[in-house]
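Undergrad: The structure that follows is given in the form of structure tokens.
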Amino acid sequence: MVVGEIGASTGLLVIGAGPGGYAAALRGAALGLEVTLVERDRVGGVCLNVGCIPSKVLIHAAETAALAARSAAWGVKLTAKVDMKALGRHMAEVVEGLTSGVSGLLRDAGVTVVSGQARFTRPDRVIVEHEDHTSFISFENAVLATGSRPVELPALAFDGARVLDSTGALALERAPRRLVVVGGGYIGVELGTAFAKLGSAVTIVEAADRLLPGLDASLARAVARRLEELGVVVLTRSSAVELTEAGLLVAPPDGPAAEVAADKVVVAVGRRPNTDDLGLEHTGAKLDPAGLVQVAPSRRAARTLLAIGDVTAGPALAHKATAESAVAAETAARRTAAFDPACIPAVVFSDPELATVGLTRDAAKAAGADVRAFRFPLSASSRARTLGDSHGHVEVIADGDGTVLGVHIAGPNASELAGEAALAVEMAVTLDELAEVIHPHPSLSEAIGEAALGALGRPLHVRGARRPSPG
Ligand code: FAD
Ligand code: NAD
């Protein structure tokens, strides 16, 4: 086989088989395009293989183990012993079940899946490096869905042994005795909480003045309280200086750096887009200073190039990548399409779970809205009480005319409640409509209706919050 002589052509080339790329390939095929999908690693991308899915298996297992402590108060005596190796096997089975499912869908759809690393050499051609040879693929349109990778701190290079990224943390065969997590964002909070429940003594080192600085402060407070109960030490306005023999030197905002003992250090300080080393200069695409591909609402980045998912601006979330994939495929199929959602829900699988949908109170005010809002405490939710988990709240934010602009939730199953919240914001329902929806009883979803009633000035189950209904 002569290097460089193998060539193929396709209508739509998709690079990267994560939740953006594989969904773009499936949608493109459904629209009648001839589709080739190139993936250098594993179908499913970060999300299915080393991100969303394995982390949620770990979090669910840790939460189950933590039930032993919680359920004693309900008269149920449990003891929990976690076998991390067996948990690892279960994690691998879940991942394999889902990724092989995706491979099956791609096969059924007639998508040609190519294993290799793609790089543009012309606006309409990539070179693909396979294990033992290279090939070329020409295309009419390409969708770039190459995702992101963790940011590495110069003083804490990932070594796969003591200093780990999230992938390394998810592959641990035992919970470290002392774990330091650098970065108190999504990953730091999710993994820090899970390992605390699995028995690790956890310290989170966060540069900002609080955990989850990207989220509403009231949501982050609920998580900080629970982390304290779990014995997690949170060092805010602090930075990791260097690794020491016994742990990590951490600099507080004032005073000298102090050593925090650590057997493992997980660094989760954000992710950067995989847009370097792709030959994008041959496509006409423009990158912003953060390396993100600049796209039009149609996801068009250049004459032959579309881009979606973590390589584009906006929250680096799987469902955002998937939603953009449909737009990119439609654009490639010469249909008119635009990515213009009213909201992109975000969920942190912390304890309690957090969900943030649409505008926060502050953002709505900043946008000039005459804000009507109500925060319904889960202590007043009968379902939360029956679950023995009534910390948290549901807050509904509306405009002066009652249009729902945002819903923000801290509490059990916030991730599931986020679906109704997203529907409400996306459909621009009013507080009256939300309050009139008959929510099943007893269910956590009632809290959304209760918060809407509260914002209308006629709360049902909250004492001392009654005020005359306007009009
Ligand atoms: P990716 O999933 O990153 O896929 C990109 C693919 O492109 C990869 O498979 C890569 O191998 C391939 N690739 C890269 N370059 C090339 C090349 N040159 N040639 C060929 N192939 C290439 N999001 C959520 O919404 N919910 C969660 O609960 C959640 N949990 C997470 C937990 C962790 C620990 C992490 C790290 C992330 C989590 N995320 C979560 C974020 C989510 O994983 C990403 O937003 C999502 O995977 C982005 O999808 P994507 O399709 O843009 O890229
Ligand atoms: P992140 O942006 O969520 O959090 C990074 C945190 O690190 C921030 O709080 C930041 O202030 C802090 N930080 C930055 N530099 C620091 C330093 N030198 N020292 C200490 N702290 C520092 O990033 P992440 O947690 O790495 O996650 C990456 C992305 O993956 C998330 O933004 C999210 O889009 C996605 N993700 C989503 C989920 C989910 O949907 N449940 C879960 C995990 C990851």
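Undergrad: Considering only DSSP beta bridges with both partners in the chain, what is the antiparallel share in %, to the nearest 5? Walk me through the numbers on the way to the answer.
TA: On the way: 46 of 81 bridges.
Restricted to the chain, the bridges split so that about 55 percent are antiparallel.
Undergrad: Then there's this: Taking the Cα centroid of the stretch 348-365 and of the stretch 396-424, what is the distance between the two, rounded to the nearest whole Å?
TA: Their Cα centres are 9 Å away from one another.
Undergrad: Another one. With charges set only on the Cβ (+1 for Lys and Arg, -1 for Asp and Glu), what does the dipole of the chain come to about its Cα centre, in debye to the nearest 20?
TA: Around 840 debye, computed over the chain.
Undergrad: Can you give the angle from 0 to 90° between the axis of helix 186-197 and the longest principal axis of the chain, with both taken from C-alpha atoms, to the nearest 10?
TA: 60 degrees
Undergrad: What FRET efficiency comes out for the pair E93/A69, r = Cβ-Cβ distance, R0 = 35 Å, nearest 0.05? Don't skip to the answer; put the middle values down first.
TA: Numbers: r = 27 Å, r/R0 = 0.78.
For E93 and A69, the calculated efficiency is 0.80.
Undergrad: Let me ask something else. What whole-number value in cubic angstrom gives the convex hull volume per residue for the C-alpha atoms of the stretch 243-297?
TA: 156 Å³
Undergrad: Give the list, by residue number, of cysteines in the chain with no other Cys Cβ closer than 4.7 Å, or say none.
TA: Those would be C343, since no other cysteine Cβ in the chain comes under 4.7 Å of theirs.
Undergrad: Counting only pairs 8 or more places apart or on different chains, how many lysine pairs in the chain have C-alpha atoms closer than 27 Å?
TA: Within the chain, the lysine pair count is 15.
Undergrad: When every alpha-carbon pair in the stretch 282-412 is counted, what percent end up more than 24 Å apart?
TA: 48 percent
Undergrad: Continuing with this model, one more query. So what J values fall out for the stretch 292-305 if you push phi through Karplus, 6.51 cos²θ - 1.76 cosθ + 1.60 with θ = phi - 60°, rounded to Hz, Gly and Pro as x?
TA: Values per residue, Gly and Pro as x: 7, 6, 7, 10, 7, x, 6, 6, 6, 10, 7, 3, 10, 10 Hz.
Undergrad: Want the number for E152 to R334: 0.36 nm per residue separation, take away the alpha-carbon distance, what's left?
TA: Roughly 61.5 nm would be gained on extension.
Undergrad: How much length, in nm to one decimal, is gained on full extension between A208 and E433, taken as 0.36 nm per residue of separation minus their Cα-Cα distance?
TA: 77.1 nm
Undergrad: So what J values fall out for the stretch 309-321 if you push phi through Karplus, 6.51 cos²θ - 1.76 cosθ + 1.60 with θ = phi - 60°, rounded to Hz, Gly and Pro as x?
TA: x, 5, 7, 10, 5, x, x, 7, 10, 4, 5, 5, 4
Undergrad: Using the charge dipole of the chain (Lys, Arg: +1 at Cβ; Asp, Glu: -1 at Cβ; taken about the Cα centre), state which of L26, P440, G11 has its Cα farthest towards the positive end.
TA: Positive-most Cα among the choices belongs to P440.
Undergrad: Taking K and R as +1 and D and E as -1, what net charge do the other residues with C-beta under 14 Å from the C-beta of Q117 add up to?
TA: Numbers: positive: R40, R42, R119, R149; negative: E39, D41, E129, E131, D132, D276, D277.
Within the 14 Å Cβ shell, the charges total -3.
Undergrad: Also, I was wondering about something else. Give me the extension gain from E229 to R458: residue separation times 0.36 nm, minus the current Cα-Cα distance, reported in nm with one decimal.
TA: So the extension gain works out to 79.0 nm.
Undergrad: Further, regarding this structure: Using a Förster distance of 22 Å, how high is the FRET efficiency between A80 and R221, based on the Cβ-Cβ distance and rounded to 0.05?
TA: The calculated FRET efficiency here is 0.20.
Undergrad: What is the fewest-to-most order of T112, T322 by other Cβ atoms lying within 10 Å of their Cβ?
TA: T112, T322
Undergrad: Then there's this: Enter the mean projected area of the convex hull around the alpha-carbon atoms of the chain, in nm², rounded to one decimal. Mind dumping the intermediate values first?
TA: Working: hull surface 102.7 nm².
Directional mean of the projected Cα hull area for the chain stands at 25.7 nm².
Undergrad: Now, a different point. Quick check: net charge around D159, other residues with Cβ under 12 Å of its Cβ, Lys/Arg +1 and Asp/Glu -1?
TA: 0
Undergrad: Any number yet on Rg/Rh for the stretch 37-147, C-alpha, Kirkwood?
TA: Result for the stretch 37-147 is an Rg/Rh of 1.21.
Undergrad: Can you find, among A169, T386, F349, the residue sitting farthest towards the positive end of the charge dipole of the chain, where Lys and Arg contribute +1 and Asp and Glu -1 at Cβ?
TA: Value computed over the given set: T386.
All of the numbers you see were taken from the coordinates with simple rules; none came from a lab. Everything quoted here is computed from the prediction, not taken from an experiment. Glycine gets a Cβ as well: all are built from the backbone with ideal geometry, and neighbour counts include every protein chain shown.
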